[in-house]
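Worksheet: the structure to be examined is printed underneath.
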């Protein structure tokens, strides 16, 4: 059996800290525009925003169809403007949401890489512990042999 030199605890901790620093550095190097895209993705891509837009659209169209004629602010042909505005919102939000999703995906990839590195380090730590235990068993066996030979 080949002898492995077990790593010291400090070396193992340093390797783990380097992996974690990689993840922290990745999240700190996001530009302000990317942060804005992430904010929009997190808020616009939610059910709350959907409900707000849905209620607003139903209210807008409902008021302009069913309210008394003198109180309607956007009568029949006018709500086409609202449809145009809603289409413009969609056209602007779609790329922003996609940018945010790409950033989130990139961050998830970095997290997965860091998790993999930490798992590799955990395997090295386990191997180090096993090597230490094997060395201790060997030393205990040597001590037992000495005790047995000296006791005879």
* In degrees from 0 to 90, rounded to the nearest 10, what is the angle of the helix 79-151 Cα long axis to the longest principal axis of the chain? -> 10 degrees
* Asked: Want the number for residue 17 to residue 101: 0.36 nm per residue separation, take away the alpha-carbon distance, what's left?
  -> 27.5 nm
* Cα-based helix-to-principal-axis angle, 47-66 vs the chain, degrees rounded to 10 -> 10 degrees
* To do: Can you tell me the relative contact order of segment 9-141? Whole percent, Cα pairs under 8 Å, sequence separation 6 or more.
  => 43 percent
* Asked: Given only helices, namely DSSP H runs of n ≥ 4 each adding -39500 (n - 2.57), what is the per-residue ellipticity at 222 nm of the chain, to the nearest 500 deg cm²/dmol?
  -> -30000 deg cm²/dmol
* Which percent of Cα pairs goes in each bin when the distances of segment 79-152 are cut into 10 angstrom slices starting at zero? -> 16, 16, 14, 12, 11, 10, 8, 6, 4, 2, 1
* To do: Would you mind ranking 128, 149 by Cβ crowding within 10 Å, fewest neighbours first?
  => 149, 128
* Cα axis of helix 32-44 to longest principal axis of the chain: angle in degrees, 0 to 90, nearest 10? -> 70 degrees
* Asked: Which whole-number value in Å³ per residue fits the convex hull of the alpha carbons of segment 9-141?
  -> 124 Å³
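Would segment 50-93 count as rounded, prolate or oblate if I go by the C-alpha gyration tensor, calling it rounded below 1.5 in a/c and otherwise prolate when a/b exceeds b/c, oblate otherwise?
Numbers: a/c = 3.96, a/b = 1.70, b/c = 2.33.
Oblate, because a/c is 1.5 or more while a/b does not exceed b/c.
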* Separation in nanometres of the label points that stand 7 Å from Cα toward Cβ, at residue 120 and residue 142 -> 3.3 nm
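Read the figures in this text as sums done on the coordinates, not as results from a lab. These numbers come from a predicted model, not from an experiment. Ideal geometry is used to build each Cβ from the backbone, glycine not excepted, and the neighbour counts take in all protein chains shown.
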